[in-house]
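Let me begin by presenting the structure, written as structure tokens, before commenting on it.
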Amino acid sequence: MLLLYGDAVAHLHIARRIFDSLNPGFRQLGSVWLPLPHLLLLPFVQKMSWWQTGMAGAWPSMACYVLGCAGIYRLARQWLRPSAAIVAAVFYALNPGLLYMQTTAMTEPLFLAEMIWSVLLIAEHGRTLKAGEQQRASRMLVAAGMVLVCAIFTRYDGWIFASFAWLIVLWGVRRHLRERVGGAFVLFTVLLLAAPLFWLAYNAKQFGDPLDFIRGPYSAKAIDARTTRPGSPHYPGWHSMRVASLYFLKAGEMGAVPLRWGNVLLWLSVAGTAIAVWKRRGKRITAALLLWIPLPFYAIIDGKIRSNHRPMKRSKPKLIQ
């Protein structure tokens, strides 16, 4: 079960072949998947039995699961009483999909922890800045930048997530840029720019194309082109944000709760967000809205980026019933 996902197996193999292959070295990280998850696996895949059974991937994922639970609690405490924050943490911790993922080498537990802690640090930065604690606010902002750099090197979702995080921080510090926090904001900006540029430079150096992860032979587009039969219709959601969003929501529903509760919890989440924004419990609530970013991101990715060929005949997409 730890090796059920083909991607989990691939992550373990990538980490192992950095030191155990015909041509060992960091070029074995490849160009498509980002490097941080594989670097975190390095200490664990060196034990042969852990690599073979998949246990090597469980250790870092379980640690990230615990960090995510702690982060959700601390984030909820920004606005809620301890009892309500515990409910939020338990709700996150008992997600069935996450309970499985945190035993594997998949990247989701790591990225979720990075999302949560970056939002927490940005919210804390806003609180301390409003309280006039510029020095502590600067530390929070630099720490948030470092967490976001980790997210950028974990999944491509992190690139978009970091971009929106930068905009939110910019909005919060626009009146304080000439104070001590101005230098921290510059460093925060440099960190978020340097991380993706480093990955582009790595791709250019190692594979001759800075965008090899997008258009190279192992990219999602190339795999889609190789595995789709000529003349067959595209997958449902291609060039349709509405359909792609429905698939994303359905996948989240089926992986999180019994089907009868899926839509209830979705609408409760939407209503809770709307009420929180309406009550305006301080401007810190803006940072928490970053947690909605995956919905439009994955809908756009499914609808636009994954496919690069046009079929001879298209059929009407069929939704999951």
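The values are calculated or read from the model by the stated rules, or taken from the named source; none is laboratory data. Since this is a predicted model, take the numbers as computed values, not measurements. When we count neighbours, we look across all protein chains shown, and the Cβ atoms used for this are built from the backbone with ideal geometry, even at glycine.
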*asked:* Any residue at all in the range 122-131 that's free of Cβ contacts under 8 Å to residues at least 12 places away in the same chain and in contact with a His (Cβ under 9 Å, 6 or more places away or on another chain)?
replied: no
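Evaluate the following for D7: is it within 27 Å of F207 (Cα to Cα), touching a helix residue (DSSP H, G or I) at 6+ places or on another chain (Cβ under 9 Å) and of a type in the set (D, E)? Walk me through it before giving the result.
Details: within 27 Å of F207 (Cα to Cα): yes; touching a helix residue (DSSP H, G or I) at 6+ places or on another chain (Cβ under 9 Å): no; of a type in the set (D, E): yes.
Answer is no for this residue.
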*Select from the range 220-262 the residues that are among the aliphatic types (A, V, I, L, M) and closer than 19 Å to G97 by Cα and list them in ascending order.*
L246, L249, A251, M254, A256, V257, L259
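Hey, among W171, W159, W166, which residue is part of a helix (DSSP H, G or I) and exposed (fewer than 15 other Cβ atoms within 10 Å of the Cβ)? Spell out the reasoning first.
Details: W159 fails: exposed (fewer than 15 other Cβ atoms within 10 Å of the Cβ); W166 fails: exposed (fewer than 15 other Cβ atoms within 10 Å of the Cβ).
On inspection, the qualifying residue turns out to be W171.
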*asked:* Against the conditions (1) modelled with pLDDT of 85 or more; (2) over 24 Å from the mean Cα position of the chain (by Cα), where does L177 fall short? Just the number, please.
replied: (1)
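So that you can scan it fast, the table gives a plain yes or no per residue for (1) assigned by TED's automatic domain parsing to the domain that holds L34; (2) out of contact with any Lys or Arg (no Cβ under 6 Å at 6 or more places or on another chain); (3) hydroxyl-bearing (S, T, Y); (4) touching a residue at least 12 places away in the same chain (Cβ under 8 Å):
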| position | (1), (2), (3), (4) |
| --- | --- |
| L80 | yes, yes, no, no |
| A88 | yes, yes, no, yes |
| L98 | yes, yes, no, yes |
| A105 | yes, yes, no, yes |
| A113 | yes, yes, no, yes |
| S118 | yes, yes, yes, yes |
